[in-house]
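As C-alpha cells, the structure follows; a few thoughts come after it.
The values are calculated or read from the model by the stated rules, or taken from the named source; none is laboratory data. Predicted model only: the values in this text are computed from it and were never measured. Ideal geometry is used to build each Cβ from the backbone, glycine not excepted, and the neighbour counts take in all protein chains shown. The area values use the complete protein model at the heavy-atom level, side chains included, leaving out ligands, DNA and RNA. Shrake-Rupley method; radii C 1.70, N 1.55, O 1.52, S 1.80 Å.
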Amino acid sequence: MRYSEWIQKDKINTGRQQEIDLARAIPVLSLPFVHCVIECSSLESIGKPIPFFFDVVIGAPLGAPIFMFCMGISLLYTKHNSYKDMLKRGLILFIAGFVLNIIRFAIPYLTGYLITGEYDKYIAPMPFKVFGNDILQFAGLAFMLLGLLKKLKISDMGRVGVATVMSLVGWNFRHVNMKNDFLNIALGHIIGTEAPSGYVLSDFPLLNWFLVPVAGYIFGNILIRVQDKRKFYCPYLVALAGIYLVYFVLEVTIGFGMMNGGKTIVEGENNYYHAEFFDIIGYITCAVGMMGVYFLISSHSPEKLNRFFNSLSRNITRIYIIHWFFVVMTTNVIIYRINGTQELPLWQTMLLALIIFLLSYCLSLWLEKRQLQKKAEKKAAEEKATA
C-alpha cells in the first residue's frame, strides 16, 4: 500500500484515541510505586530486580518521555490549539508547577521541621525544592515555546530543526554549576544545572527535552490522518519498541547515557534528567514503538478497562499533584518521624504506593465531579438568565 493510500490529507482519525489514553494512564498508574520506591529504598536495595524495574524501566523511558510525547500529540486532538491557547495553557502549567512544589515540599517540609527541628533535612533544601524545575514547569515552557513557533508560522520540519539544535546545545551544557544558588535555580529550567550540595532541582530542562513533545506533535499530525491504524502501527512501529529495548539493555549493561552515573537512576539521576541527545532519540523511538504496543493492548482490552484508562488519562494532572503530597508527607515526615528513617521493606513500600494511588485516584474523581457540577450549575444559571 502506497503512503498516499493510508495517510490522508484531511483529518479523519479524530476523537479520543484509546492508545493515547493508555499511554498517559500507565505512567500515572505507576507514579506512586516509582516515587515510593525511590523514597523508601537504600542505594543497595534499589538495585534489586523489583525496585530496579520501577526506578529504571518504568521511571525512565516509560515515564516522563511518554508523557511529553503525548503532550505533543494532544495539540492535534484539541480545539484549543491556537498560539494564544498554547501560551495560556503553558503559563497555567508553569505556575501549577510551583504550586505543586509548595504542596509537595513546602508544606511537608515545614511540618517535618516543626515536628523534628531538623534544619538540614527540611529547611536547607526547601528554597531549591520550591523554586526548582520539574515536569510541570517543563510542560509549561514547552507549550509556550510551541505557541511562539506557531505564531511565527514555523513549519513542522522547522520545529524539528529548532528542537534538535536545542537538544544538542543542552547536551553540551549538562551538569553546569553556576556557582550561584539563584542562577542555578533560574537557569535550571533551561539547562541542566547542579551543585555539590545536591539541593538544585533541575529536572527536565527545556533545551534537552523539547525535542520529545515536538516529535509527539509530528507523530500526532500523521496519526490524525491515518486511515487504517492497525496497518499504521503493525508491525513496523511496534518493532521500534524492540529496537529501543536493545539500546536500553546495552545502556544498562555497558553503563552509558542515563546509566553513566551508576547502576540505578537514583545513583546518577542527573544523567537521566539532563538527558544527552542520543538518549532523547532513544526515548522518542521508545515512545513511537510503545504507541503501537498500547494500540494493540487497548484494541483487545475490555470496555470497562478502557474506561478506567480513560479516567486516569483525564485526571492525570490532578493525580500527579495529589499523589506527590501523600508520597512526601508520608515518607519524609510520618515514616521518618516514627522509624528515624524513610527506608521500608519492599512489601510495605508496595502497599504504601497502592494506598496512595487509590487515595489520589478517588480524590481526583471527586474533584472532577465537583468541577463538572459547577460547570452544569453555571450553564443552568446562564440559561435561566437569558430565558
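The alpha carbon gyration tensor of region 190-256 gives principal lengths a ≥ b ≥ c with a/c of 1.5 or higher and a/b no greater than b/c, which makes the shape oblate. With contributions of -39500 (n - 2.57) from each DSSP H run of at least four residues, the per-residue ellipticity at 222 nm computed over the chain stands at -20500 deg cm²/dmol. Does the chain come out rounded, prolate or oblate by the C-alpha gyration tensor, with a ≥ b ≥ c the root eigenvalues, rounded set by a/c under 1.5 and, if not, prolate when a/b is larger than b/c and oblate if not? Rounded, because the longest to shortest axis ratio a/c is under 1.5.
Using a Gaussian network model of the chain in which every pair of alpha carbons under 10 angstrom is joined by a spring, one finds that among THR349, THR341, THR164 the greatest mean-square fluctuation is at THR341.
When the chain is treated as a GNM, springs tying every alpha-carbon pair under 10 Å, which of LEU372, LEU245, LEU141 comes out with the largest mean-square fluctuation? Largest GNM mean-square fluctuation: LEU372. Summing Lys and Arg as +1 and Asp and Glu as -1 over all other residues whose Cβ lies under 13 Å from the Cβ of THR111 gives a net charge of +2.
Can you put LYS48, LYS150, LYS304 in order of accessible area, largest first, using a 1.4 Å probe?
LYS304, LYS48, LYS150
Give the shape of region 256-327 as rounded, prolate or oblate, defined through the alpha-carbon gyration tensor: a ≥ b ≥ c are the square roots of its eigenvalues, a/c under 1.5 means rounded, and otherwise the shape is prolate if a/b is larger than b/c and oblate if not. Oblate, since a/c reaches 1.5 and b/c is not below a/b.
Just the accessible area per residue of the chain, please: how many Å² with a 1.4 Å probe?
Values: 18520 Å² over 387 residues.
Value for the chain: 48 Å² per residue.
In terms of solvent-accessible area of protein heavy atoms at a 1.4 angstrom probe, what is the ranking of GLU382, GLU44, GLU39, highest value first?
Accessible-area ranking of GLU382, GLU44, GLU39, largest first: GLU44, GLU382, GLU39.
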